[in-house]
Amino acid sequence: MQPDAAIHRTRRERVLNDMGDGVMVIATAPEVPRNRDTHYPYRHDSYFYWLTGFAEPEAVMVLVGGKAPRHVLFCREKNEEREIWDGFRYGPAAARETFAFDEAFAFDQLDAELPKLLENQPQLATIIGRDPAWDTRVMGWLNAVRAKARSGVRAPHLLADARVWLDEMRLIKDAHELALMRRAAEISTRAHGIAMRATRPGRHEYEIEAELLCAFRSGGAEAPAYNSIVASGANACVLHYVFNDKPLNDGELLLIDAAAEFRSYAADITRTFPVNGRFSAAQKDAYEVVLAAQTAAIAAVRPGNCWNDPHEAAVRVLTQGMVDLGLLAGDVDSLIESNAYNRFYMHRTGHWLGMDVHDAGEYKLGGEWRPLVPGMTLTVEPGLYIRPADDVPKALWNTGIRIEDDVAVTETGCEVLTSPPKTVAEIEAWMRG
Ligand code: GLY
Ligand code: MN
Ligand code: MN
């Protein structure tokens, strides 16, 4: 048995415990063709992997609840020919043993076996409405059970979205997950340090992206956790800038939002720094506002506070900063009340972080922002985005600044997982080094 198999089995047992009677069916992600016989890099489904630790495509997990609970895996058969071309596959027998399942079947037995597992169960839980082909297949299995009604077999009469249980569990990270997230954060922190030192006028955004990707992979990460944003000058005001093709100019800021995925867990870091290694006075003033907003937001990440408290703390500091920088005029409370700050800060201050960069979990419970509790992991990422306009000080035109770190809620506050140079002094000293 794989060392981590017991962790995944325990998760499945918790799901069965919470769900009670019924059957949960979760498929992994399909392989996606890129063109002809070439595929996009494969990434398993996060729900499926969280429950199984099994990374091959063409696999389905079935948890059967009730008096005789069973953990069942459908996966690809061993295939000497395919393994010569594409590499190792476990096959059902070895997968059952290695990943701590009670039973395993070949993936092509799914349509034959799955209706049997649904017989006389009150409820079927799966992920509904994400993939139309999957929804159709699930209905086919239900109808196959219904077709046996005259022999006394009953089909599930309740259809539930499995995310009701899984999202809440994924939201609170266990020690195993936190250790992997720390590693993803360390690799990404190191990559930002390398990228910062590699930056200078005359290089290109893509060269800095290449430094990041090299550092992720050589650090043992399997992939970037999301498309890297390497945005200089005016490009930093484009929130999801992806072209990464512009030369880096003296006097500009460079915003890098990039991080690695390690053993299926994401980090998510943004740093903004001067291409030439020295902040101008105007850049420094704007940067200090964002940094103060982030400091205030991180201080608000603690048990007893709610999801929105860090955002509200950041918005207050940013809005005061916008007044101080001459971007807005008026009373800070009124500027917040009227959302006037949205002109320069149009996104929220964070999101859950985990296997997915924008991870699973509700933000409100019963209509209220949910309380923060230990084990939650989130980003804290305030920003300022200043486009040219007649009523904006010219020295700040085309300034985009975001500072993003990853934090885990602890019993007393939070642990900051990510740590590339961040203050003006730290960044300038690091770039000189
Ligand atoms: N990198 C995506 C985000 O910050 O949400
Ligand atoms: Mn983020
Ligand atoms: Mn980010």
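Inside the stretch 212-232, residues that are more than 11 Å from Glu261 (Cα to Cα) and crowded, with 21+ Cβ neighbours inside 10 Å make up a count of 7.
Collect the residues in the stretch 333-356 that are more than 16 Å from ligand 1 (Cβ to nearest atom), part of a loop (DSSP other than H, G, I, E, B) and within 20 Å of Val238 (Cβ to Cβ), keeping them in residue-number order.
Answer for the stretch 333-356, where residues must be more than 16 Å from ligand 1 (Cβ to nearest atom), part of a loop (DSSP other than H, G, I, E, B) and within 20 Å of Val238 (Cβ to Cβ): just Phe344.
The rows are residues; the columns are (1) within 24 Å of Arg387 (Cβ to Cβ); (2) among the aromatic types (Phe, Trp, Tyr); (3) assigned to a loop (DSSP other than H, G, I, E, B).
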| position | (1), (2), (3) |
| --- | --- |
| Leu180 | no, no, no |
| Ala184 | no, no, no |
| Glu209 | yes, no, no |
| Thr272 | yes, no, no |
| Asn276 | yes, no, yes |
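Within the option set Ala293, Ala282, Ala300, being within 16 Å of ligand 2 (Cβ to nearest atom) and either within 23 Å of the chain's Cα centre (by Cα) or in contact (Cβ under 8 Å) with a residue 60 or more places away in the chain (or both) holds for one residue only, Ala293. Selection within the stretch 244-261: residues that are away from ligand 1 (no atom under 16 Å from the Cβ) and either under 28 Å from the mean Cα position of the chain (by Cα) or closer than 17 Å to Gly193 by Cα (or both). The member of this set that is surrounded by the fewest Cβ atoms within 10 Å (Cβ to Cβ) is Asp245. Could you check, for the stretch 184-205, whether at least one of its residues is of a type in the set (Asp, Glu), under 30 Å from Ile128 (Cα atoms) and modelled with pLDDT of 95 or more? Within the stretch 184-205, not a single residue is of a type in the set (Asp, Glu), under 30 Å from Ile128 (Cα atoms) and modelled with pLDDT of 95 or more.
Within the stretch 136-150, not a single residue is within 29 Å of Thr10 (Cβ to Cβ), out of contact with any Gly (no Cβ under 7 Å at 6 or more places or on another chain) and not in a helix (DSSP H, G or I).
Quick grid of which residues meet (1) out of contact with any Asp or Glu (no Cβ under 7 Å at 6 or more places or on another chain); (2) charged (D, E, K, R); (3) assigned to a strand (DSSP E or B):
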| residue | (1), (2), (3) |
| --- | --- |
| Leu73 | yes, no, yes |
| Ile84 | yes, no, no |
| Arg89 | no, yes, no |
| Ala94 | yes, no, no |
| Glu97 | yes, yes, no |
| Asp108 | yes, yes, no |
| Lys116 | yes, yes, no |
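Picking from residues in the stretch 270-290 that are closer than 10 Å to Met196 by Cα and among the hydrophobic types (A, V, I, L, M, F, W, C), the one that is nearest to ligand 1 (Cβ to nearest atom) is Phe273.
Scanning the stretch 385-400 for residues that are within 16 Å of ligand 2 (Cβ to nearest atom) and buried (at least 24 other Cβ atoms within 10 Å of the Cβ) yields a single hit, Gly400. In the stretch 385-406, of all residues being away from ligand 1 (no atom under 13 Å from the Cβ) and either in contact with a Ser or Thr (Cβ under 7 Å, 6 or more places away or on another chain) or polar (S, T, N, Q) (or both), the one that is nearest to Asn342 (Cα to Cα) corresponds to Ile386.
The condition of being assigned to a helix (DSSP H, G or I), within 16 Å of ligand 3 (Cβ to nearest atom), of a type outside the set (Phe, Trp, Tyr) and closer than 30 Å to His176 by Cβ holds for only one of Ala293, Ala195, that being Ala195.
Yes/no matrix, rows are residues, columns are (1) under 30 Å from Trp352 (Cα atoms); (2) surrounded by fewer than 19 Cβ atoms within 10 Å (Cβ to Cβ); (3) not acidic (Asp, Glu):
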{"site": "Asn79", "(1), (2), (3)": "no, yes, yes"}
{"site": "Asp108", "(1), (2), (3)": "no, yes, no"}
{"site": "Glu113", "(1), (2), (3)": "no, yes, no"}
{"site": "Asn120", "(1), (2), (3)": "no, yes, yes"}
{"site": "Leu171", "(1), (2), (3)": "yes, no, yes"}
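Checking each residue in the stretch 357-411 for being within 20 Å of Ile256 (Cβ to Cβ), in a strand (DSSP E or B) and more than 16 Å from ligand 3 (Cβ to nearest atom) picks out Ile386, Thr399. Whether a residue is within 16 Å of ligand 3 (Cβ to nearest atom), in contact (Cβ under 8 Å) with a residue 24 or more places away in the chain, surrounded by fewer than 17 Cβ atoms within 10 Å (Cβ to Cβ) and of a type in the set (Val, Ile, Thr) was assessed, and Val416 passes this test. Residue count for the stretch 137-151 under the criterion of being over 10 Å from Leu118 (Cα atoms), of a type outside the set (Lys, Arg) and under 37 Å from the mean Cα position of the chain (by Cα): the result is 4. In the set Asp359, Asp406, only one residue is over 25 Å from Tyr287 (Cα atoms) and either surrounded by 23 or more Cβ atoms within 10 Å (Cβ to Cβ) or under 20 Å from the mean Cα position of the chain (by Cα) (or both); that residue is Asp359.
For the stretch 246-259, the candidate set comprises residues that are outside any loop (DSSP other than H, G, I, E, B) and more than 12 Å from ligand 3 (Cβ to nearest atom); within that set, the residue that is farthest from Leu213 (Cα to Cα) is Leu253. Would a scan of the stretch 298-305 turn up a residue that is away from ligand 3 (no atom under 16 Å from the Cβ), touching a helix residue (DSSP H, G or I) at 6+ places or on another chain (Cβ under 6 Å) and outside any helix (DSSP H, G or I)? Yes, the stretch 298-305 has at least one match.
The values are calculated or read from the model by the stated rules, or taken from the named source; none is laboratory data. From a predicted model like this one, the values you see are computed outputs, not experimental measurements. In this analysis, Cβ positions are derived from the backbone assuming ideal geometry, glycine residues included, and neighbour counts consider all displayed protein chains.
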